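Taking it in order: structure first as structure tokens, then the write-up.
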Amino acid sequence: MRFINTTTLTFYEVSDLELHKLKKGYSILSHRWTWGEDEIHYSDVLSTGDTVKAKKGFGKFIGACALAKSLGYDLIWIDTCCIDKTNAVELSEAINSMYRWYSISRLCIAYLEDVTPTAMIKQSVWFDRGWTLQELIAPKSVQFYDRNWKSLGSKVSLSSTIIDKTGIPADVLKNVKPPRACSVAQRMSWAAKRTTQRLEDRAYSLMGLFDVNMPMIYGEREQAFVRLQEHIIAKSADESIFVWNLDLLEDSTRDARQVQCGLLASSPACFARCGDVINTGRSRGFQINQFGLIISSPATMLTLGTYQAPLRAKRAGKAGNCALILAKLPEEKSFVRTSSASGESFTITEKLGDKMMEISVPLQPGEGPPRLYHGYWLRTLKFYDRHIYTYDQFRRRDGGQDRLLLPECETGTAGIIRLNLRDNGQASGFGWIKLGFDSSSHPVCFLAFPDRQDNDPLTQLMPAQAEELLATNPRSRYELVLKQGTPERIRHPFFDSKWADASNSTLSALPSHCYDSRLAGGRLNEGFDFSFQAPLFKISVSAKRIPDVSPSSTQNQEVWAVSIVAGSPPPPDPDDCCC
């Protein structure tokens, strides 16, 4: 290991075997690199010319050495000049050893050149750089200094600010718990918002954090991060590495609903929402071959051609296991990872089965199966009752005439039918029929009609804009509804963006003074069939999965045939009798 002597400003080399014999230990500099020739490099230390002293980085070099000397350190390691970067072997060895070098240093001097007495520490770009993550975590002692080399505090005294900025747990930051005690996904989340000047360094800067050694190949771009994950899988049984969000893929401009990919992420940014993911146990076992990863999992069918494969990972404080959503490929036991519309990682709350299924999934993107959809075909819509004078349909996706569809792995609202009601010739509000799928992909129907005893028009009428949000945006908070509705209206489950399981009894007791409502749910393969007595009329709703009656245009669609009838058909006109 090559150091700078803080007195002579010349190199001093110590073999790795002798590092522990240094009586005073050594200090190490952490800072933000400036791109170009402004930094002091290996060759500059060997030179004493005025050209070197004119460099912008020379002041930082002198300041770091002077500070280390004043703190009692004879040696300091500075990454810009203590590595001969023209020597590829030395550069590779240094980067693979860097985390260990930081961890055994006596003091890490973190120089925040952009921090002044009036600037906040957490606004420093030092916290946004990829390489400084390991420089924050690995050393036992980190002391921060502003641009004038005045102390700002240590990583312990500033821990609350640093934790808020980085998301790193306190016990890891303070070196009470080793980083390896955290899940792979959680560690990746600490790097999610950090950047590096070279794309490959997003991966290389994380090798120490995951105790991985691998050759560096500048020019491989995103493949560097893929290789890092492959090395992690080879030595770790932590399945949380697969719990990343598809909608955060940086190399895809497509709608997340169309994303199909391999198991591995292309960037740490995909793990931005994984700060609360914990590992729940060792993997059941997986292996990598030339086709991808083979994993054993109690996978179950979710929708047409789509399976859910639970992982041994979960979100802290929440029930259920995280899961992969996999689309079936034509080859036996072969799948490709796919996403929900939101791109969110999937969670299974049901009890995991014992039956294992061997599945093969490519690690990197490849050609996927055609996009599949599931939903409802409005086979019959008959409104004989005079209280219903018109109706409208709101769809999450344009699936064709009388089709309410969702991508195959998505749950929630597929569409809404609004019934325009009248009583005694006067408009009396709207009724809603909401069709969708609960979190277990069971078909669900929710009916809501205004209570004629309720004289508050805001509980009877819904703004058209809010209706569209309700029908099209699964994550909408429905601000227009909340602003104009009463407390009873706000609490009504019909306006909740999340559907509870059809078996959830909490939706059986609905506020009767606001709406007359009914939640009906069927099982995965059985559908539902029920009648509902609305305030003004009776309505019957049924849904059946009958492939024989599906329209011919339902290729790549799994649809439930829905029949909705209100009132009774009028008796036949005697004049039309042909007898």
**Message:** If I filter region 82-89 for residues that are under 17 Å from Thr8 (Cβ atoms) and in contact (Cβ under 8 Å) with a residue 60 or more places away in the chain, do I get at least one hit?
**Reply:** yes
**Complete:** Residues of region 18-36 being on the phi < 0 side of the Ramachandran plot and surrounded by 12 or more Cβ atoms within 10 Å (Cβ to Cβ), in sequence order, are Leu19, Leu22, Tyr26, Ser27, Ile28, Leu29, Ser30, His31, Arg32, Trp33, Thr34
**Message:** What's the number of the only condition in (1) surrounded by 17 or more Cβ atoms within 10 Å (Cβ to Cβ); (2) on the phi > 0 side of the Ramachandran plot that Trp101 fails to meet?
**Reply:** (2)
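Considering Ala192, Ala234, which residue is open to solvent by 10 Å² or more (accessible area, probe 1.4 Å), farther than 17 Å from Ser30 by Cβ, over 20 Å from the mean Cα position of the chain (by Cα) and hydrophobic (A, V, I, L, M, F, W, C)? Before the answer, list the steps.
Numbers: Ala192 fails: over 20 Å from the mean Cα position of the chain (by Cα).
Result of the check over Ala192, Ala234: Ala234.
Answer yes or no: is there a residue in region 135-151 that is out of contact with any strand residue (DSSP E or B) (no Cβ under 9 Å at 6 or more places or on another chain) and not in a loop (DSSP other than H, G, I, E, B).
So in region 135-151, the residues out of contact with any strand residue (DSSP E or B) (no Cβ under 9 Å at 6 or more places or on another chain) come out as 137, 148, 150.
Cutting the leftovers down to not in a loop (DSSP other than H, G, I, E, B) gives us 137.
Taking every residue of region 135-151 in turn, at least one turns out to be out of contact with any strand residue (DSSP E or B) (no Cβ under 9 Å at 6 or more places or on another chain) and not in a loop (DSSP other than H, G, I, E, B).
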**Asked** Considering Cys65, Cys81, which residue is assigned to a helix (DSSP H, G or I) and touching a strand residue (DSSP E or B) at 6+ places or on another chain (Cβ under 8 Å)?
**Response** Cys65
**Request:** Would you check which residues across region 116-144 are under 24 Å from the mean Cα position of the chain (by Cα) and of a type in the set (Phe, Trp, Tyr) and list them?
**Result:** Phe127, Trp131
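Does region 170-191 include one or more residues that are of a type outside the set (D, E, K, R), part of a loop (DSSP other than H, G, I, E, B) and touching a Leu at 6+ places or on another chain (Cβ under 8 Å)?
Within region 170-191, the first condition is being of a type outside the set (D, E, K, R), and the residues that meet it are 170, 172-173, 175-176, 178-179, 181-186, 188-191.
If we keep only those that are part of a loop (DSSP other than H, G, I, E, B) as well, we get 175-176, 178, 182-183.
Checking which are touching a Leu at 6+ places or on another chain (Cβ under 8 Å) leaves us with none.
Among the residues of region 170-191, not one is of a type outside the set (D, E, K, R), part of a loop (DSSP other than H, G, I, E, B) and touching a Leu at 6+ places or on another chain (Cβ under 8 Å), which makes the answer no.
Please find, among Leu470, Leu435, the residue that is within 30 Å of Ala319 (Cα to Cα) and at pLDDT 80 or above. Show your work before the answer.
Details: Leu470 fails: at pLDDT 80 or above.
Exactly one residue qualifies, and that residue is Leu435.
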**Complete:** Within region 104-144, the residues that are more than 21 Å from Thr195 (Cβ to Cβ), buried (at least 17 other Cβ atoms within 10 Å of the Cβ) and not hydrophobic (A, V, I, L, M, F, W, C) are Ser105, Arg106, Pro139, Gln143
**Request:** Might you check whether a residue that is open to solvent by less than 10 Å² (accessible area, probe 1.4 Å) and under 12 Å from Ile4 (Cβ atoms) occurs anywhere in region 42-52?
**Result:** no
**Complete:** The correct count of residues that are at pLDDT 80 or above, open to solvent by less than 30 Å² (accessible area, probe 1.4 Å), in a strand (DSSP E or B) and farther than 24 Å from Leu329 by Cβ in region 368-413 is 5
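Listed here are the residues, each with its yes/no results for (1) over 20 Å from Val89 (Cα atoms); (2) modelled with pLDDT under 95; (3) touching a Gly at 6+ places or on another chain (Cβ under 7 Å).
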position: Pro179; (1), (2), (3): yes, no, no
position: Trp190; (1), (2), (3): yes, no, yes
position: Ala203; (1), (2), (3): no, no, no
position: Leu206; (1), (2), (3): no, no, no
position: Leu209; (1), (2), (3): yes, no, no
position: Pro215; (1), (2), (3): no, yes, no
position: Gln229; (1), (2), (3): yes, yes, no
**Criterion violated by Ser15 - all others in (1) open to solvent by 20 Å² or more (accessible area, probe 1.4 Å); (2) among the polar types (S, T, N, Q); (3) under 41 Å from the mean Cα position of the chain (by Cα) satisfied** = (3)
**Asked** Name the residues in region 37-62 that are β-branched (Val, Ile, Thr) and in a loop (DSSP other than H, G, I, E, B), would you?
**Response** Ile40, Thr48
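The values are calculated or read from the model by the stated rules, or taken from the named source; none is laboratory data. Remember, it's a predicted structure, so these values are computed and weren't measured experimentally. All Cβ positions, even for glycine, are placed from backbone atoms using ideal geometry, and neighbour counts span all protein chains on display. Protein only, heavy atoms only, side chains kept; ligands, DNA and RNA dropped before computing areas. Shrake-Rupley method; radii C 1.70, N 1.55, O 1.52, S 1.80 Å.
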